[in-house]
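All of the numbers you see were taken from the coordinates with simple rules; none came from a lab. Everything numeric in this text was worked out from a predicted model, so none of it was measured. When we count neighbours, we look across all protein chains shown, and the Cβ atoms used for this are built from the backbone with ideal geometry, even at glycine.
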Amino acid sequence: MDRGIPDHTDSFKDLRRKASFMHDVRNDVRNVFEAILKYGHDEDFAPPKDCAPTNAPAGSEDKIEILRERIALGQPLWHDQDRLDYSGLTGAIRPRE
């Protein structure tokens, strides 16, 4: 009986192998470079989403240092709740000469 499932679908064994591979990629490597070194590609790599948001303004020394730390830990550079603008900040203003 034809259920509309093509003959080329993955077998259960293939699906288990792929799921196992994806589990390995997520747990065994910290960043995309390690994934490429270990598996020869980055097709299944997804960075961990366990970084904390920052209130540091874009371009500040604090923000740059946070981005460096995120890279070193294999985390994504950007967080959905990172500061988006400069509202509420005050800075030194130098008068024109």
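Observations
- When Rg and Dmax are taken over the Cα atoms of region 48-89, they come to 10.2, 31 Å.
- Full extension of the chain segment joining residue 58 with residue 85 gains 8.9 nm, where the gain is 0.36 nm per residue of separation less the Cα-Cα distance.
- Relative contact order of region 48-89, defined on C-alpha pairs under 8 angstrom at six or more residues apart (%): 52
- Counting other Cβ atoms within 10 Å as a rough exposure proxy, the listed residues 43, 61, 97 run 97, 61, 43 from fewest neighbours to most.
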